[in-house]
Amino acid sequence: MIAYRPATPADGTELAKVAARSFTEAFGTLYRPADLAAFLDQAFGADGLPSQLDDPAFRVHVATDSGRIVGFAKLGPVAFPGDWPADAIELYQLYVLGSHHGDGVGPALMAWAIDYARSIGRSQMILSVYVDNHRARRFYERRGFEEIGRYTFMVGEQEDDDRIMRLML
């Protein structure tokens, strides 16, 4: 049975492993090993995701199955270049292990993210999605997100073409 709860600093190591595994499952074949390793270390290493679990600027919510993390959503201040409203929030990651696709984990985490953003008075949620991640793009579009721009997402030294999407809350 899937359960949901806020992440804690004690989740850091397991959460980082789940994040790296989920990213690699989805995109690992697109990158040179060195670029993938550099990105995973930067995003999910000790100075990445685990360090944000006790940072009040970020909120992470996890999905667990039999006590093990199988997915998560991370919200925080908008980091994309540009002039963003102070009351905007960014959905940095919404990751679910492939073994739990279709179990309702993604929709439940998205519902949490939207509810949380609204509860703290945010006006819009911003995210980026890889241009060829059609499944994720459809998922976000079904929830009302609209494409508003482009973003160069770096994985190591490789540039990816992402789309910035926004949901007005």
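Largest first, what is the accessible-area ranking of ARG166, ARG59, ARG68 with a 1.4 Å probe? Intermediate values should be presented prior to the final figure.
Values: ARG166 80, ARG59 100, ARG68 170 Å².
Most to least solvent-accessible, the answer reads ARG68, ARG59, ARG166.
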Q.
Not counting ligands, DNA or RNA, and with a 1.4 Å probe, what is GLU25's accessible surface area in Å² rounded to the nearest 10?
A. 90 Å²
Q) In terms of modelled amide H atoms, which long-range or inter-chain residues lie less than 5 Å from the amide H of GLY149? A) ILE164
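Starting from 0.36 nm per residue, how many nanometres of slack lie between ALA86 and ASN133 once their C-alpha separation is accounted for? Mind dumping the intermediate values first?
On the way: separation 47, 0.36 × 47 = 16.92 nm, distance 2.85 nm.
Extending this stretch completely gives an extra 14.1 nm.
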Q: Give me the accessible area of PHE153, 1.4 Å probe, in Å² rounded to the nearest 10.
A: 50 Å²
**Q.** Shape call, the range 1-153: gyration tensor on alpha carbons, a/c limit 1.5
**A.** rounded
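Between ILE2 and MET154, what FRET efficiency comes out of the Förster formula 1/(1 + (r/R0)^6) with R0 = 25 Å and r the beta carbon distance, rounded to 0.05? Each step should come with its number before you reach the end.
On the way: r = 33 Å, r/R0 = 1.30.
It comes to 0.15.
Taking the solvent-accessible surface of protein heavy atoms with a 1.4 Å probe, what is the per residue accessible area of the range 44-100 in Å²?
Heavy-atom SASA per residue in the range 44-100 reads 43 Å².
Apply the a/c threshold of 1.5 to the C-alpha gyration tensor of the range 24-71 and tell me whether it is rounded, prolate or oblate.
Working: a/c = 2.94, a/b = 1.37, b/c = 2.14.
Oblate, since a/c reaches 1.5 and b/c is not below a/b.
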Q.
Under 8 Å for C-alpha pairs, at least 6 residues apart: give me the relative contact order for the chain, rounded to a whole percent.
A. 21 percent
Q.
Only four residue types carry charge here, +1 at the Cβ of Lys and Arg and -1 at the Cβ of Asp and Glu. Report the dipole size of the chain about the Cα centre in Debye, rounded to the nearest 20.
A. 580 debye
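With every protein chain kept in the model, how would you rank MET168, MET110, MET154, MET1 by accessible area, 1.4 Å probe, largest at the top?
From most accessible down to least: MET1, MET168, MET154, MET110.
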Q) Using the alpha-carbon centroid of each, what span in Å lies between the range 5-50 and the range 58-134? A) 15 Å
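Give the carbon-plus-sulfur fraction of the accessible surface of the range 1-60 in %, rounded to a whole number; probe 1.4 Å, heavy atoms of protein chains only. Before the final figure, lay out each step's value.
On the way: 2000 of 3420 Å².
On the range 1-60, the fraction of accessible area on carbon and sulfur atoms equals 58 percent.
The values are calculated or read from the model by the stated rules, or taken from the named source; none is laboratory data. Small disclaimer: the values here were computed from a predicted structure and weren't measured. Note that each Cβ is placed from the backbone with ideal geometry, even for glycine, and that neighbours are counted across all protein chains shown. In case anyone asks, the SASA skips ligands and DNA or RNA and just uses the protein heavy atoms, side chains included. Shrake-Rupley method; radii C 1.70, N 1.55, O 1.52, S 1.80 Å.
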